[in-house]
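Since the structure comes first, as C-alpha cells, the remarks are kept for the end.
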Amino acid sequence: MDETYGFDFCAGDDALLPSVGKADYKDPACDLKDAAFVNEGSDRHGPKDQRQSSCDLRFGTSSGALGIRKFPNPRFNKAAWLKVNKGQIGTWSGYNAKMASLDPDLPELSRVMDPSVEPPFLIGLSCGACHIAFNPAKPPKDPAHPLWENISGTVGNQYARFSQILGSGMSLKSIEYQVFAHARPGAVDTSAIPTDQINNPGTMNALINLSKRPTFANEEVIKWRKAQSCPIGADSRSCWCEPGKEGKCWIRGKRQEAVHHILKGGEDTIGILEAIQRVYINIGTCSEESWANHLADLRQLDPTQRGFSQTPFDIGQTRRDCPGFRAVEDRLLNLKDFLLSAGTTDLYQSRGHKNLRDLTEQLDKEYGKGSVEQGKIVFAQNCAKCHSSQEGPIDGRDFRAVSDNPKDKGIRVDWLGNDQATPILEVGTSRARALHSNHMKGKVWEEYGSETLRAQKHDPRLKEPSDGGRGYYRNVSLLNAWAHAPFMHNNAMGPELCGGPEDEHYVSPYVTVAADGTVQALSNPPPCWSFDPSVEGRYKLYKASMEDLLSPNKRIPKVMSFSDDVVIKLFPKISDKNIERYISSVIVFPKGIPAARIGNFNHKAFAGDIILSRVDFKKLVEKRGEAIAKKVKERGDQLIAQPGRLIEVAGELRDVYSNSPTIIENEGHPFGEGLSDKDKGALIAFMATL
C-alpha cells in the first residue's frame with residue numbers, strides 16, 4: 001500500500017503515481033477519442049471541429065469509489081508527509097489527526113487547514129458521485145462487491161452519505177461540519193458551499209425519461225448564445241470570440257425561449273445544456289479561476305469587506321479564463337444525449353415478469369382484487385393534476401403509454417410530473433428548500449435563472465423572505481417511484497435509512513415538539529432501516545414510505561439536529577464605551593439544537609443590526625421599526641453581558657432574522673389523507689406499476 005499511499009491501485013495509476021509531487025502528469029483525458037463533431041441548431045460556430053482540447057476535461061483516475069476521482073498533487077512533499085505520519089508513507093493516520101487551534105477558545109483543526117503538509121492526491125467529484133448507484137433491475141448480490149452490470153449511471157443514489165464525505169476531516173465542533181452533517185442519506189445541500197444561509201438538503205434525482213420532461217415556452221432568458229462574429233464595438237460582457245478559432249463566438253442577450261424547470265424549485269431555467277454545465281461548476285470545475293471568488297464567508301461580518309455576501313458567477317469570464325469550462329461546453333451535446341438515453345426501470349421487469357399483467361396479478365393478491373385498476377382511478381382523481389405531463393382531460397389517460405415515434409420509440413410518454421411551480425404553502429412540506437435564493441439577482445447563480453423565474457409573485461402569506469422567484473416547489477416526476485423511496489425533496493417521508501444497527505453516523509431525527517416550539521429527542525424512536533438495494537428491499541421501503549406519505553396524522557415529527565456542540569466567535573470588535581473589545585466571546589451552539597435553527601438564521605444581519613444599534617440607533621429604527629430596534633438594542637446589551645445566551649436571545653427575534661423558521665422536515669403534502677384505507681392501498685398498488 002506504500003506505492004499507492006494507502007489507496008487501492010486503480011486503472012491508470014501506473015501513469016499517475018510517478019507524477020505525485022511533480023507537475024508532469026499527462027491526464028488520460030488527453031487520449032480520449034471524441035465523439036463525432038456535431039454542429040446542430042441555428043446558432044452555429046461553423047463547419048470546423050474547434051473543440052477545446054480533451055486534456056482540459058481532466059479525468060484523473062479512480063479513488064476506488066465511483067464518481068470520486070484522484071489526481072497527483074504537484075505540491076506534495078514526501079519528507080513532510082513522512083514526518084507527520086511518523087515515518088510511514090502508506091498511512092493517513094498522522095495527517096488525519098487533529099491539531100491544536102491557534103485560538104484556544106476554538107476547536108481543534110483538521111490537517112486540511114495546515115498548508116505545510118500537502119496530501120499526495122487532489123480529490124475531485126464527477127456527476128456520477130451523486131447519480132451512479134445500484135441498478136434497481138439488477139441489484140448486486142453483495143452490495144460491497146457489485147459487478148458493472150449492477151451499476152446504473154443515472155438512477156440517483158439514495159444511500160450516499162455526502163454529509164460525511166464533504167465534512168470529512170473537519171472538527172465536529174465546527175460550524176462548517178454541522179452545515180454539512182444534517183443531510184440524511186440520499187440528500188445533499190448543494191448550496192452549502194455557495195451558501196445562502198438556507199438549510200436545504202435535496203435528493204439526488206433519478207435522471208430518467210428526460211426526453212419527455214416538460215418545457216415551458218416563451219420564458220424570458222438572458223444568456224450567451226453561439227454566433228459567427230461580434231458586432232463592431234461590442235465589449236467582452238456582451239460578445240466574445242475565442243482567439244485562434246474561426247467564427248467561434250458568443251453573444252449575450254435576452255430572448256424568449258422554451259426551457260425546462262430544473263432543480264427542486266425550478267431555478268435552473270436558461271436551458272438544459274447550461275443546467276448540465278452548472279453541475280460541473282458546482283462540483284469544482286474552474287473553482288479557482290472563477291467560482292470561489294463569488295462565494296460568501298460565514299465568518300466575514302463586515303459588509304464593506306470581500307466575502308461578506310455573494311456576487312454573481314460570470315459565465316462569460318469563466319469561458320474566457322478557464323479551458324476546463326470550454327472543454328465541457330464543447331461536449332454538452334454528448335452529455336445531453338447520454339442523459340436522454342436513460343429509460344425507466346419497471347417493477348415487473350425487475351421481478352423477472354414478462355409483462356405488466358403478471359405484476360398486476362401479484363399486486364391484486366396483496367392489496368385485494370381490482371386494486372390496481374381502482375388505484376388508477378384514485379391516482380387520476382387525486383394525483384394526476386400535478387403528477388402527469390399529458391395534455392387534455394385527465395379521465396381516460398393512459399399513464400403508461402409509450403411513444404411510437406421512431407426517434408423515441410418505446411419511451412414512456414408521460415413524465416408523471418408537470419414541473420409546474422406550486423406555491424409552497426399549497427404543498428405544505430418543509431419549505432426551506434423552496435426559499436433557496438442563489439438564483440436571485442446579485443446571487444451566485446443569477447446567470448442561470450430566467451427573468452420569468454424571478455418574476456414569480458411573492459406569496460404574502462409567507463413570513464419568510466420570498467421575493468425573486470422564491471416560495472415555490474416544482475411538481476416532481478413519479479416515474480419508478482417504487483425504486484426511489486424515501487420521498488419528498490429531502491428524503492424525509494418514510495423510514496430513516498442507515499448502514500445497520502451499529503451505524504456510528506446515524507443520529508435519530510425523531511422528536512416531540514412542544515407547543516412553544518421546544519424540541520426533544522424521542523426516547524424510544526423507530527429503528528432506522530438498513531440499506532437494502534435489492535428489488536424486494538426497495539419495494540418494501542416504497543410501501544412504508546407511501547403509507548407515511550398518505551397518513552400525515554401518523555407521522556412522528558423529524559428534525560435533524562447538531563450532532564455535537566459548535567463553538568464559534570460570532571461578532572467583530574467594536575468600540576464599547578471607549579473600550580475596544582469583543583461584543584461576545586465564544587458562542588456555543590449546543591448538541592441537539594435543530595440544524596435549521598442555525599442553518600436558516602441570518603446571523604450577519606443580526607450582528608450588523610446589533611452593531612448599528614450601538615453606533616446609529618436612529619438608522620436602525622428606520623430600517624427595522626422602533627419596536628424591533630429597541631428589542632435588538634436590549635438583546636445586544638444582554639449578549640455583551642452574557643454571550644452564551646445567544647440561542648435564547650436570538651430565538652426571540654427569529655421571525656425577523658430567520659430565512660425560514662420551520663424545522664419539521666416530514667410535514668405537509670396532505671393530498672390523499674382523506675382516502676379510505678382501501679383506496680390508499682389501491683393507490684400504492686397502482687403507483688408501483690408506474
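The values are calculated or read from the model by the stated rules, or taken from the named source; none is laboratory data. Treat the numbers as computed from the prediction; the structure is a model and nothing was measured. So basically every Cβ, Gly included, is an ideal-geometry build from the backbone, and we count neighbours across all protein chains shown. Areas reflect the complete protein model, heavy atoms only, side chains present, ligands, DNA and RNA absent. Shrake-Rupley method; radii C 1.70, N 1.55, O 1.52, S 1.80 Å.
Would you mind working out the magnitude of the charge dipole of the stretch 18-95 relative to its Cα centre, with +1 at each Lys and Arg C-beta and -1 at each Asp and Glu C-beta, to the nearest 20 Debye?
With Lys and Arg at +1 and Asp and Glu at -1, about 580 debye.
Mind checking which lysines have their C-alpha under 21 Å from Lys680, skipping anything on the same chain fewer than 8 residues away?
Of all the lysines, those that pass the test against Lys680 - Cα under 21 Å, at least 8 places apart if same chain - are Lys365, Lys369, Lys376, Lys385, Lys540, Lys543, Lys554.
Once the convex hull of the alpha carbons of the stretch 502-555 is built, what does its volume come to per residue, in cubic angstrom? Working shown, then result.
Numbers: hull volume 5.7 nm³, N = 54.
About 106 Å³ per residue, rounded to a whole number.
Compute the relative contact order of the stretch 234-322 as a whole-number percentage, counting only Cα pairs closer than 8 Å that sit 6 or more residues apart in sequence.
Details: 77 pairs, mean separation 17.0, N = 89.
It rounds to 19 percent for the stretch 234-322.
Kindly provide the Kirkwood hydrodynamic radius of the stretch 209-303 in Å, to one decimal, from all pairs of distinct alpha carbon atoms.
16.1 Å
Return the whole-Å distance between the Cα centroid of the stretch 324-393 and the Cα centroid of the stretch 53-112.
Rounded to whole Å, the Cα centres lie 43 Å apart.
Can you give me the accessible area per residue for the stretch 150-304, using a 1.4 Å probe, in Å²?
39 Å²
Put one equal scatterer on each alpha carbon of the stretch 417-568, apply the Debye formula with no solvent term, and list log10 I(q)/I(0) at q = 0.13 1/Å to two decimals.
For the stretch 417-568, the Cα-only Debye profile gives -0.81.
Students often get this wrong, so check it: of Lys441/Lys619; Lys33/Lys245; Lys212/Lys248, which have C-alpha atoms separated by over 28 Å?
Beyond 28 Å: Lys212/Lys248.
So which trypsin sites (Lys or Arg not before Pro) in the stretch 306-398 pass both tests, a DSSP loop state and at most 16 other Cβ atoms within 10 Å of the Cβ?
For trypsin sites (Lys or Arg not before Pro) across the stretch 306-398 that sit outside H, G, I, E and B with at most 16 neighbouring Cβ atoms in 10 Å, the list reads Arg306, Arg351, Lys354, Lys369, Lys385.
Eigenvalues of the Cα gyration tensor times 5, then square-rooted: what semi-axes does that give for the stretch 1-128, in whole angstrom, largest first?
Values: eigenvalues 281, 68, 31 Å².
Each semi-axis is √(5λ); the values are 37, 18, 12 Å.
Can you tell me the convex hull volume per residue for the stretch 390-464, based on C-alpha atoms, in Å³ to the nearest whole number?
Looking at the stretch 390-464, the number lands at 176 Å³ per residue.
Calculate for the chain the 222 nm mean residue ellipticity that helices alone would give, adding -39,500 (n - 2.57) per DSSP H run of length 4 or more and normalising by residue count, nearest 500 deg cm²/dmol.
Rounded to the nearest 500, the figure is -7000 deg cm²/dmol.
In the chain, once you exclude exposed GluC sites (Glu not before Pro) (DSSP loop, at most 16 other Cβ within 10 angstrom), what's the longest stretch remaining?
Between exposed loop sites, the widest span is 505-651.
Ratio of alpha-carbon Rg to the 2.2 N^0.38 Å globular estimate for the chain, to two decimals, please.
So the chain has a normalised radius of gyration of 1.00.
Between Glu547 and Glu242, what length in nm is gained on full extension when 0.36 nm per residue of separation is reduced by their alpha carbon distance? Display every interim value, and only then the final one.
Values: separation 305, 0.36 × 305 = 109.80 nm, distance 5.60 nm.
Working it through step by step, the gained length comes to 104.2 nm.
Which cysteines does the chain leave without a neighbouring Cys Cβ under 4.7 Å?
Cys with no partner Cβ under 4.7 Å: Cys10, Cys127, Cys130, Cys383, Cys386.
Need one number: convex hull volume per residue for the stretch 111-179, Cα atoms only, in Å³.
128 Å³
Considering only the other residues whose Cβ falls under 9 Å of the Cβ of Gln390, what net charge follows from Lys and Arg at +1 and Asp and Glu at -1?
Numbers: positive: Arg397; negative: Glu391, Asp398, Asp414.
So the surrounding residues net to -2.
Explain nothing, just the number: relative contact order of the stretch 1-104, from Cα pairs under 8 Å at least 6 residues apart, as a whole percent.
Normalised by residue count, the contact order of the stretch 1-104 is 35 percent.
Shape verdict for the stretch 108-235, please, from the Cα gyration tensor: rounded (a/c under 1.5), prolate (a/b greater than b/c) or oblate.
oblate
Less than 14 Å Cβ to Cβ from Lys554, Lys/Arg counted +1 and Asp/Glu -1: what total charge do the surrounding residues give?
-2
Could you grab the relative contact order for the stretch 432-497? Cα pairs under 8 Å, six or more apart, rounded to a whole percent.
Dividing the mean separation by the residue count of the stretch 432-497 yields 24 percent.
Please give me the summed charge of the neighbours of Ala483: other residues whose Cβ is under 13 Å from its Cβ, Lys and Arg +1, Asp and Glu -1.
Working: positive: Lys138, Arg351, Arg538, Lys540, Lys543; negative: Asp346, Asp532, Glu536.
So the surrounding residues net to +2.
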